[in-house]
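Okay, so here's the structure we're looking at.
The values are calculated or read from the model by the stated rules, or taken from the named source; none is laboratory data. Everything quoted here is computed from the prediction, not taken from an experiment. Here Cβ is always computed from backbone atoms with ideal geometry, including for glycine, and neighbour counts include all displayed protein chains. For accessibility, only protein heavy atoms count, side chains too; no ligands or nucleic acids. Shrake-Rupley method; radii C 1.70, N 1.55, O 1.52, S 1.80 Å.
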Amino acid sequence: MNILKNLLAIASLTLLLSACGEQTATSDPNKVFKIQGAFGVNIGEQGRGLPEGYIIDNKAFDFTPQPTHPHFVIYTYSITPNTHTIYGIKTKGAREVAKESCMLQRQELIKETLASLGDTSALKVTEEGNKWKIREDNQREVTIECERSLTPEKLQLVMTYQDTSLSLLAYKEWNKRQKDITLFRP
């Protein structure tokens, strides 16, 4: 029975990977991406001022860019737990913004993002409802959306930069950390 489950898992994984086609996430460390980061924080760089070795909590770190953006009040970045490589940047606007205002801010931010990236003909752009996304090489992406806030009539502007390969590295490092903790328990 276990052999059948393993074969089904392998077949499913193979099918999933083949469905990705040529646009699979690359892990070439020398690849130069158009989508690099925002507000002075770059994906793939080391988080500044962090202690050596594993960090204890899987939490985002706050930062304050200079200058700040008028639409955002919260700035955070996420790092891999051991190598401290930045894999995600998230910014949030005020929580209780009227839908019309949030959508206008989102449109402004989309224009700013496209202008900062330059030629985007090789990037994939999608839009669904309040969510706009631009992806590069099926690995890096910028998402700009108006998320539901405390009430259905109010929204919050959120922008996220993320790298798929580095997110996977973060998962692997957390998984290894958990296994190490389990092995060293008395």
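Things to note:
- Each residue was assigned an accessible area with a 1.4 Å probe, and for residue 55 the value is about 20 Å².
- Legend: residues 62, 119, 137, sorted from most to least accessible area (1.4 Å probe; ligands, DNA and RNA excluded), read 62, 119, 137.
- Once the Cα-Cα distance is subtracted from the 0.36 nm per residue extended length, the residue 143 to residue 168 segment shows a gain of 7.2 nm.
- Residues in segment 55-186 average 58 Å² of solvent-accessible surface per residue, probe 1.4 Å, ligands and nucleic acids excluded.
- Using the Cβ-Cβ distance between residue 50 and residue 107 with R0 = 25 Å, the FRET efficiency computed as 1/(1 + (r/R0)^6) comes to roughly 0.10.
- Derived scalar couplings ³J(HN,Hα) [segment 152-168; Karplus, 6.51 cos²θ - 1.76 cosθ + 1.60; whole Hz; x for Gly, Pro]: x, 7, 10, 10, 9, 6, 9, 10, 10, 10, 8, 10, 5, 5, 6, 5, 5
- Under Karplus coefficients 6.51, -1.76 and 1.60, residue-wise ³J(HN,Hα) of segment 90-100 in Hz, glycine/proline x: 9, 10, 10, x, 4, 6, 10, 10, 4, 3, 4
- Cβ-Cβ FRET estimate between residue 153 and residue 114, R0 fixed at 30 Å, reported to 0.05: 0.55
- Here residue 95 sits with roughly 140 square angstrom of accessible surface, probe radius 1.4 Å.
- Amide hydrogen neighbours beyond the local backbone of residue 37, cut-off 5 Å, H modeled: 43
- Remark on segment 68-150: ratio of C-alpha radius of gyration to 2.2 N^0.38 Å is 1.19.
- Listed cross-link partners 31/111; 99/124; 124/179; 34/131; 31/176 are compared with a 31 Å cut-off, the Cα-Cα value being larger for 124/179.
- Atom-type composition of the exposed protein surface of segment 84-186 places 52 percent of the accessible area on carbon and sulfur (1.4 angstrom probe).
- Shape of segment 83-122, Cα gyration tensor, a/c cut at 1.5: oblate
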